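Read the structure below first, then the notes.
The values are calculated or read from the model by the stated rules, or taken from the named source; none is laboratory data. Nothing here was measured: the structure is a model prediction, and the numbers come from that model. Positions of Cβ are generated from backbone atoms using ideal geometry, with glycine treated the same way; all protein chains shown enter the neighbour counts. Accessible surface areas use protein heavy atoms only, side chains included; no ligands, DNA or RNA. Shrake-Rupley method; radii C 1.70, N 1.55, O 1.52, S 1.80 Å.
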Amino acid sequence: MHQLSVQTNARTELLDITSKVEEVVRRAGVDNALCTIFVPHTTAGVTINENADPDVTRDILAVVDSLIPFHDSRYRHGEGNSAAHVKSSLFGCSLNVIIEKGSLRLGTWQGIYFAEFDGPRSRKVWISFSPAV
Amino acid sequence: MHQLSVQTNARTELLDITSKVEEVVRRAGVDNALCTIFVPHTTAGVTINENADPDVTRDILAVVDSLIPFHDSRYRHGEGNSAAHVKSSLFGCSLNVIIEKGSLRLGTWQGIYFAEFDGPRSRKVWISFSPAV
Amino acid sequence: MHQLSVQTNARTELLDITSKVEEVVRRAGVDNALCTIFVPHTTAGVTINENADPDVTRDILAVVDSLIPFHDSRYRHGEGNSAAHVKSSLFGCSLNVIIEKGSLRLGTWQGIYFAEFDGPRSRKVWISFSPAV
């Protein structure tokens, strides 16, 4: 298992970690494989979305923040970050990317994003590889 | 493939199955591997979230129930459980956890939850393992 | 890695690709394995849900479209398809299905759906296999 460290900069943020994941793939020396990306936090997640226009990630966060507001009188959880926990479950904390000939196979416009929902914080990302058949 | 049986107790419920999954890992005798957890139902899912304060899972279900109400005049599906189907797709029915030295690697506050959206019911969870490289 | 071509027919659509995925599994000749399904697009996703009553997928799309409307004055992304990007992240672009004895193991009512959120378009689906242990 490999570990990345990520520093987020805002309460909610989609932080592009594609090049960091690519570097782990390169160092691991895997050829054809399945890459699993896992976020070991309950107020964050991992997602893939467009890496060209930064307005896309901004719009994603704006829509999700308006559906699941940070403050809501119904929340009982004492830490006050229930919205972040909801978003973590909706985005998910694990995903797979296929590796071919030592490279992550992503679509033309896809980047891998660490999804921060209760930052800024120092976060971890775990990465593992399984063989392809 | 390994199978767990789960009995849910309410219409919507996040049921902690971490120790049951851990027991499957132990019995399977895997060392370093990828664990896939798959829910073979269309009105349930699987998610990872905080296992310390029970108000977290309560708040998650409350927010999701308010966004996707069980009753809505727009639903056409005759069984009347369309909300459960929507939640199933948003939470997802498969996820991965990394196994190292025979143990599930989870973050400090993470537990694995069976997400019931149309219970109470008797449910199944399927678990499989792939090698790590 | 294997590739499927998919032609979607509407702006939002859940298109059943189960039989296409099954054909890839058959041709690949895998026995016991993990199947990873990956969508290389940022305005689409992949999900599993009920394949019996077509009103289920209709209701899912209706609920999601009402929560995340296609037009919204808050969107800044110039292409005007921010809603599709949000839905892509919420549904996710990768999932796993377990293969036993050469067959996809799905629940009784489960089908695999390509989730189109900005169609109609010609789309791709990538499929890879990892061994089971």
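Yes/no matrix, rows are residues, columns are (1) touching a Pro at 6+ places or on another chain (Cβ under 9 Å); (2) in contact (Cβ under 8 Å) with a residue 12 or more places away in the chain:
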{"position": "B:VAL63", "(1), (2)": "no, no"}
{"position": "B:ASN81", "(1), (2)": "no, yes"}
{"position": "B:SER94", "(1), (2)": "no, yes"}
{"position": "B:GLY102", "(1), (2)": "no, yes"}
{"position": "B:GLY107", "(1), (2)": "yes, no"}
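Only one entry in A:THR47, A:THR108 is crowded, with 21+ Cβ neighbours inside 10 Å and either modelled with pLDDT of 95 or more or in contact with a strand residue (DSSP E or B) (Cβ under 6 Å, 6 or more places away or on another chain) (or both), namely A:THR47. When the range C:7-28 is limited to residues that are open to solvent by less than 60 Å² (accessible area, probe 1.4 Å) and more than 19 Å from B:LEU90 (Cβ to Cβ), the one that is nearest to the other protein chains (Cβ to nearest Cβ) turns out to be C:ALA28. Of everything in the range A:57-76 that is within 7 Å of chain B (Cβ to nearest Cβ) and touching a Lys or Arg at 6+ places or on another chain (Cβ under 8 Å), the residue that is farthest from B:TRP109 (Cα to Cα) is A:ILE68. Quick one: would you say C:VAL86 is more than 30 Å from B:SER128 (Cβ to Cβ) and either within 14 Å of chain B (Cβ to nearest Cβ) or not small (Gly, Ala, Ser) (or both)? Spelling it out, C:VAL86 is indeed more than 30 Å from B:SER128 (Cβ to Cβ) and either within 14 Å of chain B (Cβ to nearest Cβ) or not small (Gly, Ala, Ser) (or both). Set side by side, the residues A:ASP65, A:ASP59 differ, and just one is over 26 Å from A:SER103 (Cβ atoms), in contact with a helix residue (DSSP H, G or I) (Cβ under 7 Å, 6 or more places away or on another chain) and among the acidic types (Asp, Glu), which is A:ASP59.
The listed residues are B:ASP16, B:ASP53, B:ASP59, and the only one of them that is in contact with an Asp or Glu (Cβ under 8 Å, 6 or more places away or on another chain) and over 25 Å from C:ASP59 (Cβ atoms) turns out to be B:ASP53.
The set of residues from the range C:111-133 being surrounded by fewer than 23 Cβ atoms within 10 Å (Cβ to Cβ), facing chain B (nearest Cβ under 9 Å) and in a strand (DSSP E or B) comprises C:GLY111, C:PRO131.
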